[in-house]
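One structure is given below, encoded as structure tokens.
Here, each number is a calculation from the coordinates, and none is a lab measurement. This one's a predicted model, so the numbers in the text were calculated from it and none came from an experiment. All Cβ positions, even for glycine, are placed from backbone atoms using ideal geometry, and neighbour counts span all protein chains on display.
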Amino acid sequence: MTLLAHELRLLARQRLTVFALALLGLLTVAAIAAGMVEIAHQRAAIAAIPAAQAEDIEAVANYVDLTKDAGSAAYYSFHPTWDAPAPLAFAALGMRDVSPYILRVRALGLEAQIYDGDTFNPELALPGRFDFAFVLVFVAPLFVVALFHDLVSGEREAGRQRALEALPNGGRALWRRRTGLRLMLLWAVLALPFAIAAAIESVALGTAVIVLVVVAAYLLFWIALAALVARLRWSSVANAATLAAAWLVLVLIVPTLANVAVNAAVPVNQGAEIAMAQREAVNHAWDIPREETMRRFNAKHPRWADSAPLGAQFHYKWYLAFHENGDVSVGDRVRAYRAGLEARDAAGRSLGWLLPSVGVQALLTRLAHTDLAAQFAYQDRIRAFHGRLREFYYGYLFRDRGFTKADFARAPRFEDSPHG
């Protein structure tokens, strides 16, 4: 312990080292604070939904109550869905930065509503929002380079290496102490702000421990790389240049090229194309016999087949029927689109076994429920809710039941996410 305290005193005299550790600590605090502010903003937006929804529904209910028309209620009523952030989301915002976490839907065609905002694909670790994951994956390795590139070569160039290695507890024990001390300090300036934020955000202890272990493992990877370079006995400048080049290749260039290769190998159409195709199918329904529309709809919903025949006038049950037919018509496209994104995501996660930068970012977004799987889970919950919403309105439209103010309160409610 005395030797470690002595090494700490020596390290404290190195102004550049102290400055580097302080700077990394400040960047970590800033990144965590930015993540917490963003998540607080998202939670506030979700918390404001009930009041805004009540106001909207009140206006629609006042209008619908004049006619008791269930079709007008279905057409004009927007129903909120949301994806509440998990406690760890502040540390790795992932897809929450590029995909909607609140979506208001109507009982009309769903796919166009979902894919109005296309789904982005974060299967590889590319630079994104400034959060804890960004600092760990992209910034921390540069500080490892700064603290370790001259750990041995600096003493050799100063003519002290042989003397240091000849001292009691010198040699390998000395380099292990100095390596361990720098590792502990780097880990501390990353881990302590995270641990405080994790406690504030009520992150599960097991999840927080996993993140802290990941931080240590990622730092160890870069320290081991610095040790390998040091064995070449190059100058400190050459070591720094080599490690900086390794950072550029492993963190930026290879993931970017891999992203291009994966996108080329797994072509995926844009989600906006699904929305357009669904709208085209809906618009085409105005030009075909209404009986054909109802035939297709009744094949999927035989329970409504005994509904009263359509008259010459417009009826909302026909309107909602061809909206659902439009969703069915793009079902294969939706499944292909999702399968393509999942294939890209799987390829990116596989790359994470070779590139620690990719693997760490993928693991953090998985733990934070901000990855592609979490976005798809949200979409699945929207579809399940929308199915209940349709059935609710069908019960009125296909049985020609009047819709009153009291019926608005009977509409299905969206269920919060399991981690929200």
Among the lysines, select those whose C-alpha is under 25 Å from the C-alpha of K300, and discard any that sit fewer than 8 residues away in the same chain. K317
Table column - 3J(HN,Hα) (Hz), the stretch 253-259, Karplus curve with 6.51, -1.76, 1.60, x for Gly and Pro: 5, 5, x, 5, 5, 5, 4
On C-alpha positions alone, give me the angle between the axis of helix 331-351 and the longest principal axis of the chain, in degrees, nearest 10. 10 degrees
For the chain the mean separation of alpha carbon contacts under 8 Å (6+ apart) over residue count, i.e. relative contact order in percent, is 30 percent
For the residue pair Q313 and S350, what label-to-label distance in nm results when each label sits 7 Å from Cα along the Cα-to-beta-carbon direction? 6.0 nm
If r is the Cβ-Cβ distance from A173 to A195 and R0 is 30 Å, what FRET efficiency results, to the nearest 0.05? 0.50
The exposure ranking of W286, W304, W82, fewest beta-carbon neighbours within 10 Å first, is W286, W304, W82
Estimated FRET transfer efficiency when R0 is 30 angstrom, pair A265-R383 (beta carbons, to 0.05): 0.55
Go ahead and run the numbers for FRET between D416 and E291, Cβ-Cβ distance against an R0 of 41 Å, rounding to 0.05. 0.45
Just one of [x] 1.15; [y] 1.03; [z] 0.95 is Rg/Rh (Cα atoms, Kirkwood Rh) as worked out from the coordinates here. Which one is it? [x]
The set of residues whose placed amide H lies less than 5 Å from the amide H of L103, leaving out same-chain residues fewer than 5 positions away, is T81, W82
Please compute the modelled spin-label separation between H41 and H284, points set 7 Å along Cα→Cβ, answer in nm with one decimal. 4.1 nm
With 0.36 nm assigned to each residue of separation and the Cα-Cα distance removed, M184 to E391 gains 68.7 nm
Roughly what angle does helix 15-47 make with the longest principal axis of the chain, taking Cα atoms, 0 to 90 degrees, to the nearest 10? 10 degrees
Using only Cα atoms, tell me the angle between helix 356-367 and the longest principal axis of the chain; keep it within 0 to 90° and round to the nearest 10. 50 degrees
